[in-house]
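A short write-up of the structure that comes next.
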Amino acid sequence: MASPLSMTSYALLSLLVIDSENQDGLTGYELKQRADFTLRFYWVSPAMSQIYTELERLRSHSCVSVDEDVDGRRTTRRFRITPAGREALDAWLRDPTDDFPVLKHPVALRLMLGAMMGTDAVRDMLDRYEQALSERRQELEAVRAMLGDRESVAYAARVAEWGLTFFDAEATAIDRTRDSL
């Protein structure tokens, strides 16, 4: 039976679990900030509207609880994972998957049409990509350093290390492609 939850729902539950020591919960905005800071390296960071849609879906399935704080006209909603949310996340984690990641690589797509661009333009594209890759790698290195060696985030650190390995492999692919031109 298919889950009523989306991959984005599971990603949000994951962010709530990782910060479960925060008794106040997280707002949708705070979840967006964390998604932008962490998920963007290996998963698409959802748009703000998508976060609120998924939080409503999670609430309707009793996977999150919501506390509302009203201050004048402003209402702040803070979300926390519930036992049902932990159970859904645990079931999803233990469900075997053979899903292969979908690669959407704009540089590879353009490279496929390199003959239309010409060798110099391909080299320029690879140089720009290499620079962007280096900058992104530095950002991920900073995330990895921030995680440190704390046991509570050891698996998040492993994901960061996996990402660094991916960036290194991309750099190797750039070099090999450039050498073949």
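Worth a mention:
Here's the yes/no breakdown for (1) more than 21 Å from residue 30 (Cβ to Cβ); (2) of a type in the set (A, V, I, L, M, F, W, C); (3) touching a Cys at 6+ places or on another chain (Cβ under 7 Å):
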position	(1), (2), (3)
64	no, yes, no
69	no, no, no
105	yes, no, no
110	yes, no, no
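- Residue ID - modelled with the highest pLDDT, chosen from residues in segment 84-124 that are of a type in the set (A, V, I, L, M), under 23 Å from residue 166 (Cα atoms) and assigned to a loop (DSSP other than H, G, I, E, B): 103
- Residue 31 vs. criteria touching a strand residue (DSSP E or B) at 6+ places or on another chain (Cβ under 9 Å), in contact (Cβ under 8 Å) with a residue 60 or more places away in the chain, closer than 30 Å to residue 138 by Cβ and assigned to a helix (DSSP H, G or I): no
- Selection status of residue 82, loosely packed, with under 11 Cβ neighbours inside 10 Å and either in contact with a His (Cβ under 8 Å, 6 or more places away or on another chain) or hydroxyl-bearing (Ser, Thr, Tyr) (or both): no
- A count restricted to segment 61-83 and to residues that are hydrophobic (A, V, I, L, M, F, W, C), touching a Lys or Arg at 6+ places or on another chain (Cβ under 9 Å) and part of a strand (DSSP E or B) stands at 3.
The values are calculated or read from the model by the stated rules, or taken from the named source; none is laboratory data. Just so we're clear, the structure is a prediction, and the values are computed from it rather than from any experiment. Because the Cβ atoms are built from the backbone with ideal geometry, glycine has one as well, and the counts that use them run over all protein chains shown.
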